[in-house]
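Reading through the structure tokens given below for one structure.
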Amino acid sequence: MKLPRLTAALLALALAGVAAPAHAVTVEKIVAVVGDDSILLSELRARGLPFLRQIARQYPAGPSRTAAESSMLKDLLKKMVEDLLEQQAAERQKVVVKPEEVDKAFEQMAASQNMTVDQLFDTTQKKTGMTEQDYRDEIRRQILEGKLLSQRIRGRVRITEEDLKKAFARTLREELERREYRPAWILLRILPGSSQQAIEQRQAQAEKVWEELEAGRPFAEVAKERSDDTRTREKGGDLGIHAPSRAPSAQSGKRQTLAKELEDKMLALEVGEYTKPFRFGEAIVIMTVLSRQPSRFTTYEAAKPEMVQRVQNEIVLRERTAWMDELRKRTFVEVRQ
């Protein structure tokens with residue numbers, strides 16, 4: 001189970017104290033040492049309690065639940081070590097978070113969800129079982145990290161037009177890999193056991209089919225005449241709506257997907273473009289994209305504000321990683337869990 005970083009969803013929950021029977025012996029364990037400070041097992045489990053409850057709802061008792069709990073606690077301990085490193089850095093730099101800053105953050109969060117602050121606390125507690133104080137502690141940690149990172153990168157970062165255009169190109173590519181599309185093909189089968197001469201003849205036939213397309217004949221028309229795939233031939237080679245393997249609809253099983261080799265070729269095509277003949281298993285195929293789900297982006301200029309935010313986030317993440325590496329090098333850190 002992955003733990004989200006730097007979001008209000010990652011909220012701590014204090015473990016309510018329970019009086020132990022007179023005969024019980026409480027044994028505390030240190031799970032990590034960070035400089036002169038330490039993290040106790042009880043603190044780790046207290047902060048992880050909401051996630052432990054969630055895991056208990058998702059997995060039956062047994063190896064799967066144990067594995068999920070172990071993975072979650074490992075990720076959470078890493079975050080708690082980082083929180084402690086940040087707190088120590090803040091103390092050295094005399095950076096503090098005032099109560100009114102936390103209050104303002106909650107006011108903004110509540111307003112964004114059309115709630116009052118009290119409603120926000122109430123909703124969070126019902127969903128997670130977390131107390132108001134635990135929620136405040138988590139937001140305070142996030143604000144503190146933001147202040148420290150802001151100090152680190154202030155005056156050192158300059159975003160250029162080239163940076164934004166590269167980010168836009170990456171964003172378009174990532175979006176393309178999630179957009180549904182409608183492929184079609186012309187398939188020429190190669191009979192099992194065909195000689196090299198027979199295969200070369202099929203390849204020559206495929207080249208002639210491709211030349212017909214180049215001459216301007218409609219793809220569907222050529223597919224109906226030339227394709228050996230009886231399942232799609234009468235439909236002009238139409239394979240139906242597909243989703244790239246990275247698309248949520250593919251991962252949920254709601255859409256069919258193509259083999260990766262074919263998908264990669266489809267992602268390289270604009271609607272109406274087609275491939276040159278290529279070998280695919282015991283066949284030679286020519287493929288096209290009949291249609292594709294529209295992009296949510298219109299122009300670079302319209303997307304520019306979003307690209308600025310994306311580049312800024314990438315810079316912050318990169319700087320945070322480098323900063324954490326520096327803090328770990330200058331601080332004794334021992335994880336015992």
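No value in this document is a laboratory result; all are computed from the given coordinates. Since the model is a prediction, treat every value here as computed from it, not as a measurement. As a convention, Cβ positions derive from the backbone with ideal geometry for all residues, glycine included, and neighbour counts pool all protein chains shown.
Over the chain, what is the relative contact order in percent, taking alpha-carbon pairs closer than 8 angstrom and at least six residues apart?
Details: 380 pairs, mean separation 70.1, N = 337.
Computed value for the chain: 21 percent relative contact order.
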- Item | Using alpha-carbon coordinates, inclination of helix 117-128 to the longest axis of the chain, degrees | 70 degrees
- Before rounding to the nearest 500, sum -39500 (n - 2.57) across all DSSP H runs of length at least 4 in the chain and divide by the residue total; then give [θ] at 222 nm in deg cm²/dmol. -18000 deg cm²/dmol
- the chain: angle of helix 99-112 to the longest principal axis, Cα-based, in degrees nearest 10: 30 degrees
- Query: Along the stretch 137-149, what does the Karplus equation 6.51 cos²θ - 1.76 cosθ + 1.60 (θ = phi - 60°) give for ³J(HN,Hα), rounded to whole Hz, x for Gly and Pro?
  - Reply: 4, 5, 5, 4, 4, 5, 5, 4, 4, x, 5, 5, 5
- Across the alpha-carbon set of the chain, Rg over Rh with Rh taken as the Kirkwood radius works out to 1.13
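Sorted from largest to smallest, which semi-axis lengths in Å does the alpha carbon gyration tensor of the stretch 282-326 give for its equivalent ellipsoid, taking the root of 5 times each eigenvalue?
On the way: eigenvalues 293, 90, 7 Å².
The answer is 38, 21, 6 Å, longest axis first.
Which pairs break 26 Å Cα to Cα here: Lys260/Lys304; Lys147/Lys329; Lys78/Lys329? Walk me through the numbers on the way to the answer.
Details: Lys260/Lys304 32 Å; Lys147/Lys329 21 Å; Lys78/Lys329 15 Å.
Violating the 26 Å Cα-Cα cut-off are Lys260/Lys304.
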- Relative to the first principal axis of the alpha-carbon coordinates of the chain, what is the inclination of helix 300-330, with its axis defined by its Cα atoms, in degrees from 0 to 90 and to the nearest 10? 50 degrees
- What one gets for the stretch 180-292 as the Kirkwood radius, inverse of mean 1/r over different Cα pairs in Å, is 14.4 Å
- Task: May I ask you to evaluate 6.51 cos²θ - 1.76 cosθ + 1.60, the Karplus curve with θ = phi - 60°, for each residue of the stretch 72-86 and list the ³J(HN,Hα) values in order in whole Hz, giving x for glycine and proline?
- Result: 4, 5, 5, 5, 5, 5, 4, 5, 5, 4, 5, 4, 5, 4, 5
- Message: Using each residue's phi in the stretch 152-167, evaluate 6.51 cos²θ - 1.76 cosθ + 1.60 at θ = phi - 60° and report the 3J(HN,Hα) Karplus result to the nearest Hz, with x for Gly and Pro.
- Response: 5, 9, 4, x, 9, 10, 10, 8, 9, 4, 5, 4, 5, 5, 5, 5
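Could you work out the Rg to Rh ratio of the stretch 103-212, with Rh taken as the Kirkwood radius (inverse of the mean 1/r over all Cα pairs)?
On the way: Rg = 29.5 Å, Rh = 21.2 Å.
Value, to two decimals: 1.39.
What percent do you get for the relative contact order of the stretch 180-292 when only Cα pairs under 8 Å and 6+ apart count? Present the calculation step by step, with values, prior to reporting the outcome.
Values: 187 pairs, mean separation 45.1, N = 113.
About 40 percent, as a whole number.
What is the packing order of peptides 150-163, 249-262, taking the mean over residues of other C-beta atoms within 10 Å and listing the highest first? Present the calculation step by step, with values, prior to reporting the outcome.
Values: 150-163: 11.0, 249-262: 13.7.
Top to bottom by mean Cβ count within 10 Å: 249-262, 150-163.
Past 25 Å, Cα to Cα: identify those pairs from Lys29/Lys94; Lys29/Lys127; Lys29/Lys74; Lys224/Lys265, in the order given.
Values: Lys29/Lys94 31 Å; Lys29/Lys127 30 Å; Lys29/Lys74 15 Å; Lys224/Lys265 22 Å.
Too far apart for the 25 Å limit: Lys29/Lys94; Lys29/Lys127.
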